[in-house]
């Protein structure tokens, strides 16, 4: 072996990573309820830009925790985000994750209407009759359609995690969300992703689960 | 609507994104076979650091394409990476994606041996008798174990995509891979992730599929 590895037991790797992130953030402080989210996103990406990019409305974290505790549905805009969310913890609260992107009828309707599948997915989310978190890490068209539906009073998520990534209408879709009433967590700028959406959901889930135990 | 959106048809969003990435890369040039991979990773992360981070051995892309064309197995170290890989295109070549991380017997064995599930997963991969691509976007312990098994002659992947993300032994695991013979694509430094691993696989799949059609 030509490289020296740190000896860290499997169960301690995450805690050690969080210590290193905290140390590297130095004097930067975050509101107590936001810190676990910011740190988990940095843990997922190794990208400290998220210490500056992430924007929270005042009640965003509490709204997310409350929705989780009431057994909410988390709707994602990719199977990847769905896959990354801790369904064991979510399931303990009676919640589940749904993603409509691969549903054949969604693809068919999107094609017929010349819109993205993500657009149609948000309409499916609006038809759900349960507490809802939207976790959007990919498609700005999903976020734009969600904003339209919220404005029309047809979609009332407890929390919107608006972290699409990319180059076409991504920045704009997130700025649009920031003009809306309601509770949001947004990664301003181009960055974000399915991994970031899942990390934010998991940070909320672990906080909810931790508080539960206390 | 308080934000002006660009009017881009759903089918054109990706092409437009790639144009913007190419424009922003300016004078930066990449070997022809590597450019689609670098650009797809930037497309997935909106992070231009990958223009500098990604390191390719001389035959890496050709080895990956050859493995895909021969119906290889891609083994990932997260369900998220597995979820993000285009299985329709891979399936056309007779390939499939496997991830052993959630297998109950892997968890059991890892616990008994006090190693990570990722370590045991690589041993499962070594037991496969088919052309193999390892796509590791999460666990440095997977990458370290893969290097040990390669050194012992027990694992012979056509290509290792070594892009774990994080803070504990991540940099070291990737530097270790770079000392090994064989073909690799590595994201040097702390950055990487399941999304990056999937993006590299998809770039290879689309190149293989495109060349097929010509």
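Read-outs: derived from the displayed coordinates by stated rules, not from any lab. Computed from a predicted structure; not experimentally measured. No Cβ is skipped: glycine too gets one built from the backbone with ideal geometry, and neighbour counts run over all protein chains shown.
The table below gives the values:
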quantity	calculated
DSSP-defined beta bridges in region B:31-213 - what % are antiparallel, rounded to 5	15 percent
At 7 Å out from Cα toward Cβ: residue B:62 inter-copy label distances (nm, ascending)	6.3
Rounded to 10°, Cα long-axis angle of helix A:60-69 versus longest principal axis of chain A	80 degrees
Neighbouring partner chain Cβ atoms per residue of B:194-204, average, 10 Å criterion	3
Helix A:104-113 axis, angle to chain A major axis (alpha carbon atoms, nearest 10°)	60 degrees
Closest approach to the axis - chain A beta-carbon, rotation onto B, Å	A:83, 2
By average C-beta atoms within 10 angstrom, highest first, the peptides B:163-175, B:103-115	B:163-175, B:103-115
DSSP bridge orientation in the protein assembly as shown - percent antiparallel, rounded to nearest 5	15 percent
Ascending list, in nanometres, of distances separating the residue A:4 label from those of the other copies (7 Å, Cα toward Cβ)	5.8
With Cα atoms, 0 to 90° folded angle of helix A:140-151 axis to chain A main axis	60 degrees
Peptide B:71-84, shielding by other chains (average Cβ, 10 Å cutoff)	3
Shielding by partners - mean other protein chain Cβ count within 10 Å, residues of B:163-174	5
Taking all pairs of distinct alpha-carbon atoms in chain A, Kirkwood radius in angstrom	17.7 Å
Structure-based [θ]222 nm, chain A - -39500 (n - 2.57) summed over DSSP H runs of at least 4, per residue, nearest 500	-15500 deg cm²/dmol
Relative contact order (%) - chain B, alpha-carbon pairs under 8 angstrom, separation at least six	24 percent
Cβ crowding within 10 Å averaged over residues, with A:176-186, B:191-201 ranked highest first	B:191-201, A:176-186
Label point 7 Å beyond Cα along the C-beta direction, distances from residue A:48 to other copies (nm, shortest first)	2.0
